[in-house]
Ligand SMILES: NC(=O)c1ccc[n+]([C@@H]2O[C@H](COP(=O)([O-])OP(=O)(O)OC[C@H]3O[C@@H](n4cnc5c(N)ncnc54)[C@H](OP(=O)(O)O)[C@@H]3O)[C@@H](O)[C@H]2O)c1
């Protein structure tokens, strides 16, 4: 399959976990993918019918992000597909929340996402697609995840506004909203939290990163050509039933 054949894609936070699965899937489907991470070795590999170009960038550093997009613009000339995945989630109830927790979470989940999208749309041709990785936490009040949920509600809100603003350029903006997904983020939670969460999922298990990547591919490709401003949950039914 080559659903992104010839496309230039960027995945912010594209190494490991959900972002790594998205970057690999986009490349396997024919895209040339620039995938950022603080942890990656820079380099390029062929995957499926596409290419995966790893770039070492700290997504929370707006200067580094701007330099990254300048480099992509110089090398590839455009960004057809953008996925913004980088995000953190830390447990803190209202009593425990402090300024550092608030700033850290909003800086990466909201501020970096906003300015990455702004930089990408400046070099995105008409017909491009944007997939923002949100969370079902945007709509449910999970104890201890108030700030995280608020960041993801901001992501959901941005998608509505940007879908409207970019519609004249036929650029579509959508959110993929995972429920609990088996990645490093979820591995950091205690066994008790993981078990409690799993009991709340009608399909009886956590999601896999590749299942979120499938939904992201759908939203990034022509298969979703009349869908914009939407949120696609990938949560085993957790927030849907
Ligand atoms: N796993 C879940 O259950 C779940 C559920 C709903 C939504 N999500 C969302 O899915 C996305 C990916 O999460 P994941 O589960 O794949 O977790 P993960 O494996 O921990 O990946 C976290 C991502 O965020 C980036 N990141 C973390 N801290 C950063 C920082 N301080 N500065 C810059 N980048 C930073 C990482 O980039 P580096 O490579 O540079 O470290 C990586 O791309 C997040 O937006 C998360 O909110 C996850």
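Bear in mind these aren't lab numbers, they're just calculated from the coordinates by the rules spelled out. Here the structure is a predicted model, which is why all the values come from computation and not from measurement. When we count neighbours, we look across all protein chains shown, and the Cβ atoms used for this are built from the backbone with ideal geometry, even at glycine.
Quick notes
- Percent of beta bridges antiparallel (DSSP, the range 3-134, rounded to nearest 5): 20 percent
- Note on the range 8-234: antiparallel DSSP beta bridges, both residues inside, total approximately 15 percent of the bridges counted.
- For the range 21-161, fraction of C-alpha pairs farther apart than 21 Å, in %: 46 percent
- Dividing the summed -39500 (n - 2.57) terms of all DSSP H runs of n ≥ 4 by the residue count of the chain sets its mean residue ellipticity at 222 nm at -11500 deg cm²/dmol.
- The label point for residue 56 and the one for residue 160, both projected 7 Å from the Cα toward the Cβ, are 4.2 nm apart.
- With all projection directions averaged, the alpha carbon convex hull of the range 136-241 covers 7.0 nm².
- Along each principal axis, taking the top coordinate minus the bottom one, the Cα set of the range 1-104 gives 50, 28, 23 Å in descending order.
- Between 138, 95, 191, the Gaussian network model of the chain with springs among Cα atoms under 10 angstrom shows the greatest mean-square fluctuation at 95.
- Relative frequency of Cα-Cα separations exceeding 26 Å in the chain, percent: 33 percent
- Label point distance in nm, residue 205-residue 143, each placed 7 Å from Cα along Cα→Cβ: 2.8 nm
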